[in-house]
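J.: To start, I am sharing the structure in question, which I have written as C-alpha cells.
The values are calculated or read from the model by the stated rules, or taken from the named source; none is laboratory data. Bear in mind that the values here come from a model prediction, so they are computed numbers and not experimental data. Neighbour counts are summed over all protein chains in view; Cβ atoms, including those assigned to glycine, are modelled from backbone coordinates with ideal geometry.
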Amino acid sequence: MSALISNVVPSSGFCMYDRGFSSTYDSGVGVIPNSTFNAHALRINSSKASETSIFHFFRKNKINLNSVTCAKSSSAPDEPKKSPKSSETALILIRHGESLWNQKNLFTGCVDVPLSRRGVDEAIEAGRRISNIPIDMIYTSSLIRAQMTAMLAMTKHRKKKVPIVVHKEDDRSIAWSRIFSEQTSSEVIPVVTAWQLNERMYGELQGLNKKETAEKYGKKKVHEWRRSYDIPPPNGESLAMCAERAVAYFKDQIEPQLLAGKNILIAAHGNSLRSIIMHLDKLTSQEVIDLELSTGIPMLYIAKGGKISRRGSPTCPRTVGVYAYTSNLARYRELLENMEE
Ligand SMILES: O=C(O)[C@@H](CO)OP(=O)(O)O
C-alpha cells in the first residue's frame, strides 16, 4: 500500500476552528487542519490513536519506512539524506513555563523572572511531548524563564544531545567558549539567545497586579493593552511594536535555517510568540486578539516546499490524542526507538 501517511487525524472529538485550530492551545491539543492535508490522511478512531497503532499500521500495511526520507538533521549523520522534494523540517514553538510572577498574576514584560516550580514541571512535560521530534538548533530570548524552559525540555529529548548556549558577545567570549573535540561538537545543539524574542516590554504595568490594574483602569482597557495589535500599555510596546523585532528576527535569522533543513525549537514568550504565529498563520489584527498561548504547551509546525504549516500540539509519546506527526517524523521516531533497543 503506497498511501503516504502525511498525518494521522483522529476522526473524532475535535472541533474544527475555521483556521483548522481552536483559538487557544490551552488544552495542549491542537487540532490538525484537515483542510490543508491531502486525501491520504490516515483516519483512525481517536480511541486507538496510540503511538503503537501507527507503527502497527506501517507494518500491517507493509509501508516501507525506508521509502520515507527523514528531515535532515545536521547532527545525525546516520539520518538518510533528505531528497529536496519530500524534505521537511520541524519548527516547535513553546511559551515558557509558568514564571514566579505569572504565579503572582503580575505583569512581567522584560523583567527577568525565573520559572516557578510548576513552570519547571511544565517545561519538563513539554520536553516529553517533543522528545521524538528532531531538533538541530534552539532559539530563546535573553530572559531566564525562556532559557530555563528550553534547557529543561531538552533533558527529556531522546536524541540525548547537549544544548549549549552560544556566546558571541565579543572575541573573548567566542574564544573562551570553544569546544576542542569534533565528537563532542557533533553531540551539541547550539542555543542562540536573542533579545528580539523577549516578551513585549509592558512599560508602566511591569510589576503591577493584573487584577488590580483591571479594577483601576477597567477590564476593557486592560484587555486592549494585553491583547490588541496596535494599542500599547503606558510607555510600553504594542504587539505591533513587539512584532517589528520578533517577526523581523524570525524572518531574518530563523526562517532561513528552517528552510535550509534545520529542525528548530523556539522557547519564548506569550506575546513575542503571538506575533510570530500571527505571521505564520496570516492572522488578522482582529483574529490575533483571540489568540492566547498557555505556558509550556509545545506547538508544532512543518516547513516543506517553502511553506510553514501548523501541525498541532504534539502529545506525549504513548498517549492517545492528536498526532501532529508527519510520516518523516514517524520515521525519525522509529530511528530513535531502534537506537534505544
Ligand atoms: O505579563 C506578561 O509579561 C505577559 C505574559 O505573562 O502577560 P500577558 O499574558 O498579560 O501578556
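J.: Hey, among the residues in the stretch 126-144 that are within 15 Å of the ligand (Cβ to nearest atom) and touching a residue at least 40 places away in the same chain (Cβ under 8 Å), which one's surrounded by the fewest Cβ atoms within 10 Å (Cβ to Cβ)? Step through it out loud before you land on a result.
T.: Of the stretch 126-144, the ones within 15 Å of the ligand (Cβ to nearest atom) are 141-144.
Among the residues that remain, those that are also touching a residue at least 40 places away in the same chain (Cβ under 8 Å) are: 141-143.
Numbers: S141: 26, S142: 14, L143: 25.
If we take residues in the stretch 126-144 being within 15 Å of the ligand (Cβ to nearest atom) and touching a residue at least 40 places away in the same chain (Cβ under 8 Å), then S142 is surrounded by the fewest Cβ atoms within 10 Å (Cβ to Cβ).
J.: Filter the stretch 266-293 down to residues that are charged (D, E, K, R) and at negative phi and give me whichever is farthest from the ligand (Cβ to nearest atom).
T.: From the stretch 266-293, those charged (D, E, K, R) are 274, 281-282, 287, 290, 292; that's our starting set.
Now narrow it down to the ones that are at negative phi: 274, 281, 287, 290, 292.
Details: R274: 8, D281: 19, E287: 17, D290: 13, E292: 8 Å.
Restricting to residues being charged (D, E, K, R) and at negative phi, the top hit is D281.
J.: So R200 clears everything in (1) over 23 Å from the mean Cα position of the chain (by Cα); (2) in a loop (DSSP other than H, G, I, E, B); (3) at pLDDT 95 or above; (4) not polar (S, T, N, Q) except one condition, right? Which one?
T.: Going through (1) over 23 Å from the mean Cα position of the chain (by Cα); (2) in a loop (DSSP other than H, G, I, E, B); (3) at pLDDT 95 or above; (4) not polar (S, T, N, Q) one by one, R200 breaks only (1).
J.: Does T213 meet the test of being over 25 Å from A153 (Cα atoms), within 13 Å of the ligand (Cβ to nearest atom), among the polar types (S, T, N, Q) and surrounded by 20 or more Cβ atoms within 10 Å (Cβ to Cβ)? Show your work before the answer.
T.: Working: over 25 Å from A153 (Cα atoms): yes; within 13 Å of the ligand (Cβ to nearest atom): yes; among the polar types (S, T, N, Q): yes; surrounded by 20 or more Cβ atoms within 10 Å (Cβ to Cβ): yes.
Considered against the rule, which asks whether it is over 25 Å from A153 (Cα atoms), within 13 Å of the ligand (Cβ to nearest atom), among the polar types (S, T, N, Q) and surrounded by 20 or more Cβ atoms within 10 Å (Cβ to Cβ), T213 comes out as yes.
J.: Got a sec? Which helices (runs of 4 or more DSSP H) wholly within the stretch 142-191 have at least 3 residues that are on the phi > 0 side of the Ramachandran plot and in contact with a helix residue (DSSP H, G or I) (Cβ under 6 Å, 6 or more places away or on another chain)?
T.: Details: elements: 144-154, 171-176, 182-186.
Where helices (runs of 4 or more DSSP H) fall fully within the stretch 142-191, none carries at least 3 residues being on the phi > 0 side of the Ramachandran plot and in contact with a helix residue (DSSP H, G or I) (Cβ under 6 Å, 6 or more places away or on another chain).
J.: Collect the residues in the stretch 276-295 that are more than 22 Å from K220 (Cβ to Cβ) and not aliphatic (A, V, I, L, M), keeping them in residue-number order. Full working, then the answer.
T.: Here is the first cut: in the stretch 276-295, the ones more than 22 Å from K220 (Cβ to Cβ) are 276-277, 279-282, 294-295.
Selection gives H279, D281, K282, S294, T295.
So that you can scan it fast, the table gives a plain yes or no per residue for (1) at pLDDT below 95; (2) surrounded by fewer than 18 Cβ atoms within 10 Å (Cβ to Cβ); (3) over 28 Å from the mean Cα position of the chain (by Cα); (4) away from the ligand (no atom under 16 Å from the Cβ):
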| position | (1), (2), (3), (4) |
| --- | --- |
| P190 | no, yes, no, yes |
| A194 | no, no, no, yes |
| K219 | no, yes, yes, no |
| C242 | no, no, no, no |
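J.: Also, I was wondering about something else. Pull out all pairs, ordered by first then second residue, where Cβ-Cβ is under 6 Å, the residues are six or more apart or on different chains, the first lies in the stretch 198-220 and is in contact (Cβ under 8 Å) with a residue 40 or more places away in the chain, and the second is among the charged types (D, E, K, R) and within 11 Å of the ligand (Cβ to nearest atom).
T.: Listed by first residue and then by second, the contacts come to R200/E237; M201/E237.
Here is a yes/no grid of residues against (1) near the ligand (Cβ under 9 Å from one of its atoms); (2) more than 18 Å from the chain's Cα centre (by Cα); (3) hydroxyl-bearing (S, T, Y); (4) in a loop (DSSP other than H, G, I, E, B):
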position	(1), (2), (3), (4)
T89	no, no, yes, no
I94	no, no, no, no
G97	no, no, no, yes
N102	yes, yes, no, no
T108	yes, yes, yes, yes
D112	no, yes, no, yes
R118	no, yes, no, no
D121	no, no, no, no
I124	no, no, no, no
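J.: Here is a check on your reading of the model: is E199 among the charged types (D, E, K, R), within 15 Å of the ligand (Cβ to nearest atom) and surrounded by 18 or more Cβ atoms within 10 Å (Cβ to Cβ)?
T.: Values: among the charged types (D, E, K, R): yes; within 15 Å of the ligand (Cβ to nearest atom): yes; surrounded by 18 or more Cβ atoms within 10 Å (Cβ to Cβ): yes.
Yes, satisfied.
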